[in-house]
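What follows is one structure encoded as structure tokens, with my remarks underneath.
Just so it is clear, none of the values below were taken in a lab; they were calculated from the coordinates. Predicted model, so just to flag it, every value in this text is computed and none were measured. Every residue, glycine among them, receives a Cβ derived from its backbone with ideal geometry; neighbour counts consider all protein chains shown.
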Amino acid sequence: MIPFLDNKQPLPDAYDIRNLSKNYGKFKALDNVNLTLPEGKIIGLLGKNGAGKSTLMRCMLGFLTHDGEVSLDGRQIHHRDHKVFEQVGFIPDVSGLDDRLTVQQTIDYIKGVNPRWNDGTAQKLLAISSLPLTKKVYKLSKGMKTKLYLLITLSLDVKFLLLDEPTLGLDIAFRKEFFNTILGEFFDETKTLLISTHQVEEVEDLLQEIIFIDEGKIILHEEVESLKTRFRIVTVPTDKKDLVMVHKPKSVSKTLGFVSVILDSSIEIPDAIYARPNLADIFMAIVGGSNESN
Amino acid sequence: MNQTKALIIKEWHTHKRTLITPLFAVAGFYAVVLLGLLINLIKGHDLMATMNVGSVEPSTLSMIAWVSNLSVVALIGLISIISALSLSDNIINGDHKKHCEILHLSQPLSILKLFTVKYMVMILGSLIVLFAVALVNALIMNSVMNYVAGTSFVIGMTGMIQGYLDVAFALLFVSSLYWMFATIFKSKPFFKGTLAIFSIEVTIRILNYLVGWQIPSIATYLIRLSSVTISFNDSMPHVQNLDVPYLISMKWSSIAGIDNLMKVVYSAICFVAGYFIFKKREVL
């Protein structure tokens, strides 16, 4: 599916991934992935544990050797290709800071090694962060570490931001603050955000596109709104469950004498109650399996 | 230039304790000596009375000045080599062990620059600290020896410089070798690297025994390149005559010899091999 600007001109593709495969021994972590990511979008990457989300991101950053091609703005990315970071910022789990440095030393280090550093943005973020500059990173709370990671990443003038389960282990207040800060300080129509997260319900309203990945394969890549109109929650009394089960739904939930399934919007069931599904529901309907992805 | 400076500062912040280990060791030694002197002074002992050098030949005094400086630098050098070995693993694998490798590798920084700066911090950092400690120690030691026993200050300082150069080449070789091992093994590179050398040595010996080959011992060769020795084998008559100027000139020849050249060559090979191995690493 090709995304469009308001004037119906296709957005330029920034990341172009062709026939990407990655094996860890006999385990196929990525299986012939083809994907194009346009500029100016917030894209979610959803998959179960071990589905290949982190491997895909690491291939996009040149961290892993792989088969196939990954290009950014027409330039092919090779293994350990540092030039990719002139355009891309990456936030993995926020606890991945260097504990041996102080906050000030961390800021000075990134400022020194990364020519994309924007001192104005950094000062602005620092002013609202109340980070203790002389404190060693290992002495910071998880919330403070999140602020520091955001500061050093959002102070970079890059076009892409890749977030790999960035809020893992954070409480709900910091998770909310994390995404609000990213939206407020980073995102505009020229920038792209790819977010891999288990807490899809928290970013669902931000996402413009969604990618489902399962067993190393891209199952779906679609605009969120279009996807949500393609499916709906169909609820019927338990005694009429055969009417929905005939469509072989991958996910079935039973509550108080009712059965709910996710079905294609084109399917009409007599006397059924219809509701709009969220992304987790649709994921379950398409991919199936346990609720790990929620 | 900014990147290089930032990298050097970061490595300094993260590894300064290991880098200045020789300084702590020598400072600790001086503290113990000073404490001993203080206790003796409090007990009312005459410290100068214990040092009777009136009957010692001047050539013997020169020998003492030269050899003691060589030996002391060798001892400090041993500590420097141990700290450099520890650094080789910490600098290469420290980011990985501290789970912050991705942060450091997510910067637009060429692997060659990153690798070279890390290597230079390990080698030059260790050598600078060693030189500073050895120099200060030699200045104190030779001043005291000159005042107390009348030994030659110049000969003493020459011994220090020769000892330093000897140690410097050994440190360069040993730490480069284990630097390369640290790029191969992310955990316990010292143990695994040593085990690899041991395995090769055993294989060589078995082959020599079974097939009758004459492959030279790799362990013996590596130990020779790693050692800091004050060798008098070629100059025993002169040692008996305490011909210190001759020994000093022999030492200069040895420093400029083939072994040290080979240490530099092997170090360069280890650096290049380490770079390609490090570059091949996957970042998980």
Q | Stretchable slack from B:Tyr209 to B:Lys43, in nm (0.36 nm times residue separation minus alpha-carbon distance) | A | 53.3 nm
Q. Taking A:Lys191 as the anchor, which lysines have their alpha carbon closer than 22 Å to its alpha carbon, excluding any fewer than eight residues away along the same chain?
A. A:Lys8, A:Lys41, A:Lys53, A:Lys83, A:Lys111, A:Lys124, A:Lys147, A:Lys159, A:Lys176
Q) Considering only DSSP beta bridges with both partners in the protein assembly as shown, what is the antiparallel share in %, to the nearest 5? A) 70 percent
Q.
Just to be sure I follow: if Rg is taken over the C-alpha atoms of region B:1-49 and Rh is the Kirkwood radius over the same atoms, what is Rg/Rh?
A. 1.42
Q.
Give the average, rounded to an integer, of partner chain Cβ atoms located within 10 angstrom of each Cβ in A:115-126.
A. 1
Q | Largest-first principal axis extents, alpha carbons of chain B, Å | A | 69, 54, 35
Q | Cross-link reach list, aspartates and glutamates versus A:Lys217, counting only Cα pairs under 12 Å and skipping chain neighbours closer than eight places | A | A:Asp31
Q) What's the average, rounded to a whole number, of partner chain beta-carbon atoms within 10 Å of each residue's beta-carbon in B:104-116? A) 6
Q: Please give the residues of region A:159-181, grouped as numeric ranges, whose backbone N is less than 17 Å from a label point set 7 Å along the Cα-to-Cβ vector of B:His99.
A: A:164-171
**Q.** Under 18 Å from the Cα of A:Lys241 - lysines, other chains or at least 8 residues apart
**A.** A:Lys250, A:Lys254
Q: Can you run the Rg to Rh ratio on region A:229-293? Use alpha carbon positions and the Kirkwood inverse-distance Rh.
A: 0.93
Q | Per-residue ³J(HN,Hα) for region B:211-222, Karplus 6.51 cos²θ - 1.76 cosθ + 1.60, θ = phi - 60°, Hz, x for Gly and Pro | A | 9, x, 6, 10, 5, x, 6, 6, 5, 4, 5, 5
(Q) For B:Ile64, A:Ile282, which order do you get if you count the other beta carbons within 10 Å of each Cβ and list the fewest first? (A) B:Ile64, A:Ile282
Q: Putting +1 on Lys and Arg Cβ atoms and -1 on Asp and Glu Cβ atoms, find which of A:Val84, A:Gln105, A:Gly62 reaches farthest to the positive end of the dipole of region A:13-226.
A: A:Gln105
Q: Would you kindly state how much longer the chain becomes between B:Glu282 and B:Lys16 on full extension, computed as 0.36 nm times their sequence separation minus their alpha carbon distance, in nm to one decimal?
A: 93.0 nm
Q | Unit charges on C-beta of K, R, D, E only; dipole of region A:229-293, Debye | A | 80 debye
Q | Angstrom value of the Kirkwood radius, inverse mean 1/r, which spans all Cα pairs in the protein assembly as shown | A | 28.8 Å
Q. Can you pull the Rg over Rh of region B:67-183, Cα-only, Kirkwood?
A. 1.15
**Q.** Cα-based Kirkwood hydrodynamic radius, chain A, one decimal, Å
**A.** 20.7 Å
Q. Separation between the A:Phe258 and B:Tyr30 pseudo-spin-labels, each 7 Å from Cα along Cα→Cβ, expressed in nm?
A. 8.2 nm
Q: Report, as an integer, the average count of C-beta atoms from other chains found within 10 Å of each Cβ along A:80-92.
A: 4
Q.
Shape verdict for region A:26-182, please, from the Cα gyration tensor: rounded (a/c under 1.5), prolate (a/b greater than b/c) or oblate.
A. prolate
Q: Normalising by the residue count of region A:13-226, find the relative contact order in percent from Cα pairs under 8 Å and 6+ residues apart.
A: 30 percent
Q: Subtract the Cα-Cα distance of A:Leu168 and A:Asp188 from 0.36 nm times their separation in residues, and report this length gain in nm to one decimal.
A: 4.7 nm
(Q) Can you order the peptides B:19-31, A:185-197, A:148-160, A:97-109 by their average number of other Cβ atoms within 10 Å per residue, highest first? (A) A:148-160, A:97-109, A:185-197, B:19-31
